[in-house]
1. Pulled fully out, how much extra length does the chain show between residue 250 and residue 22, if you take 0.36 nm times their separation in residues and subtract their Cα-Cα distance?
2. Rank the residues 314, 153 as a footprinting-exposure proxy: fewest other Cβ atoms within 10 Å of their Cβ go first.
3. Using 7 Å Cα-to-Cβ label points, what is the residue 96/residue 151 separation (nm, one decimal)?
4. Which length gain, in nm to one decimal place, applies between residue 209 and residue 159 when the Cα-Cα distance is subtracted from 0.36 nm times their residue separation?
5. Any chance you could run the full-extension gain for residue 123 through residue 42? It's 0.36 nm times the residue separation minus the Cα-Cα distance, nm to one decimal.
6. Just grab the label-to-label distance for residue 49 and residue 289, each label 7 Å out from Cα along the Cβ direction, in nm (one decimal).
7. Using the beta-carbon distance between residue 182 and residue 262 and R0 = 35 Å, what value does 1/(1 + (r/R0)^6) give for FRET efficiency, to the nearest 0.05?
8. Based on the mean of other beta carbon atoms within 10 Å per residue, what is the order of 146-152, 305-311, most packed first?
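Rule-based calculations on the coordinates, nothing more; no lab input. Source: prediction; values computed, not measured. Glycine also receives a Cβ, built like all others from the backbone with ideal geometry; neighbour counts cover every protein chain displayed.
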C-alpha cells in the first residue's frame, strides 16, 4: 500500500545518521529565506512570542527564542552529557589508551581556532568575547556529512570523529561554565548545589526510575537560570548523576533516557534552535562584510584552526611515538576528518549568543555569517577531500 510504503521510507530516513543534519540544514535555510523575504516581520514576531506560566501574582515568562536557547537546549545538553558519560564509563573513552589521541586532537582542535580568532580580533575587547565560537564541533552535521560517504569510510574514522566531537562538547561545556557565566546570585546557586547533592544521592542508592532525576532536574533548571550560571548546564549536571552501571538485576535508566531524548533533540529541538538563530538579513550587506575581523576570525578558525589544530596535534603524537593513527586511516583522511570537525553550527551559534547577548544586531549577524559560511565551507571541503582524494588513495594502498 502507498501509505505503508511511505511510512517505511520515512522510518528508514529518520533512522539514518544523515537525517538529523538534513533537518538542521532545512531549518536554517528556512530561517534565512524568511529573514530575507516579506515574511521577515512575521519571523521576528514569532521569535518574540512570550511563553510562560502565571503562579498567583507572579509571572514567569521567556520569549520563544530564549525558551529555545535557555530551556529546550538544556535537554540538548542533557543528551550530550549522557553521551559523554556513556563514552567515559564504557565506550570509546573508557580507557586512557583509547581516549588519549582523540583527547589531544580535540584540545588542539579547540586551541587552534581560538588562537586564529584572537589573531584577527585581538585589538577589539568586545569582539574578543567570542573567542570560543569557532572551537565547537557539531556532531549531527559532521557525522551526517561523513555518512554521505557510505561504507567506504573505515569504522575507525567514524569512531575517531565521534570521540573528538564528544570531547569537544565536554570542552564547550567547561568553557560555557567558566567564561560565559554572569554575576552570580547566592541563594539560587546554593539551592542548585543542594539539588545536585540530592541527585547524587539518587545515584548513590541506584534509583532506577528516571522520573525523580527529571523532576529534580526541572527544579534545578529554574534555580540555575536564576543563579547567573547558564541554565543549559543544569542538563549536564543531571546527566552526570544518572546511573549507568547498576548492581544486581537493576536496570540502568541511562540508555533508555538517551534513546528517548535522541529523537526529540535531533528532529525537534535542534531544528527549532537552527530556525530561531540562523535567520540573517542580508539586505545592505556586501560580500566584503565577510572580511570584517569578527566573521573572518570565525570562518578561518573553523577552517584553518580545526584543520591545523587537529591534524597538527595528531602528527606530533604519532611522530613522538605516543600514539598511532587510527586503523585504516591515512594523513589525507585525517586532514579531511579535521575539516569536517570545522562544522561548528549548533554549539558555535549557541556560544555566539552567550558571547554577544548584550551586543548590537550587527555583531550578532556577523557571528551568524561567520558560523554559517565557515561551517559550510568546512563541510564541503571535508567531504570533497575524503570522497575524491583521501578514501580513494586509501583503497589503492590496500
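1. On the way: separation 228, 0.36 × 228 = 82.08 nm, distance 3.79 nm.
Taking residue 250 through residue 22 to full extension adds about 78.3 nm, to one decimal.
2. Numbers: 314 28, 153 21.
Ordered by Cβ neighbours within 10 Å, fewest first: 153, 314.
3. Taking the two extended label points, one gets 3.9 nm.
4. Details: separation 50, 0.36 × 50 = 18.00 nm, distance 3.07 nm.
That pair, residue 209 and residue 159, stretches by 14.9 nm at full extension.
5. Details: separation 81, 0.36 × 81 = 29.16 nm, distance 3.79 nm.
Additional length available on full extension: 25.4 nm.
6. It works out to 2.7 nm between the two label points.
7. Details: r = 31 Å, r/R0 = 0.88.
The computed FRET efficiency comes out at 0.70.
8. Values: 146-152: 13.7, 305-311: 27.0.
My ranking of the peptides, most packed first, is 305-311, 146-152.
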